[in-house]
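Shown next, in structure tokens, is the structure this report addresses.
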Amino acid sequence: MFIRDLSRATGLPPKTIRYYEMEGLVPPPARAANGYRCYSEADVDRLRFIASARNLGFSLDDIAEVLAFRDRGEAPCLYLLDLITKKSAEIRQRIDDLLRLESDLLDLQRQARNLPTDDVEGKACICHLVKIRAIKP
């Protein structure tokens, strides 16, 4: 199949497919007599895995390592499970950080209700509160 067919089968734009080839995530395709790239069902499966892993937030380096396991004939399952565990922990930390940030913003919003909104110098308004929060550890 040609790149346009591969694009339809995987949902990835041709430019992305070529990028993954350039990065070594997809092996160089065979070429037709006219020089067009020719892909197989194995390429479809590989690109679907890459696209799904990217949607789960894995880096291209992580994905390359999983694919390298497979290319060596080794099962990447334990490695991938470890990546999933780490990624889940990173996401939990980001959620916690965002919840703290939301709480801080809501606190500022509550405080701002009682402050003037025309303080050009920023000494007695919400601008002042934002400035002094930036200094706090």
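Every number here is computed from the coordinates shown, using simple stated rules; none is lab data. What you are looking at is a predicted structure, and each value in this text was computed from that prediction instead of being measured. Positions of Cβ are backbone-derived with ideal geometry, glycine not excepted, and every protein chain shown enters the neighbour counts.
Checking every one of the GluC sites (Glu not before Pro) in the stretch 31-137 against DSSP loop status and a limit of 13 other Cβ atoms within 10 Å picks out GLU74, GLU121. In the set (1) 190; (2) 154; (3) 121, the label that goes with volume of the Cα convex hull per residue in Å³ computed for this structure is (1).
Contact order, relative form, for the chain: 14 percent (alpha carbon pairs under 8 Å, 6 or more residues apart, mean separation divided by residue count). Between the stretch 40-74 and the stretch 80-98, what is the separation of their alpha carbon centroids in Å? After rounding, the separation between the Cα centres reads 20 Å. Exposed loop sites here are trypsin sites (Lys or Arg not before Pro) assigned a DSSP state other than H, G, I, E or B and surrounded by at most 16 other beta carbons within 10 Å; excluding them, the longest clear run of the chain is 1-71. Each helix, a run of at least 4 DSSP H residues, gives -39500 (n - 2.57); summed and divided by the residues of the chain, these come to -21500 deg cm²/dmol at 222 nm. Only aspartates and glutamates eight or more places from LYS15 in sequence, or on another chain, were considered; those with a Cα closer than 14 Å are ASP5, GLU23. Summary value for the stretch 1-59: 38 percent relative contact order, contacts being C-alpha pairs under 8 angstrom separated by 6+ residues. Straight-line cross-link reach from LYS131 at under 20 Å between alpha-carbon atoms covers these lysines, not counting any fewer than eight positions away in the same chain: LYS123.
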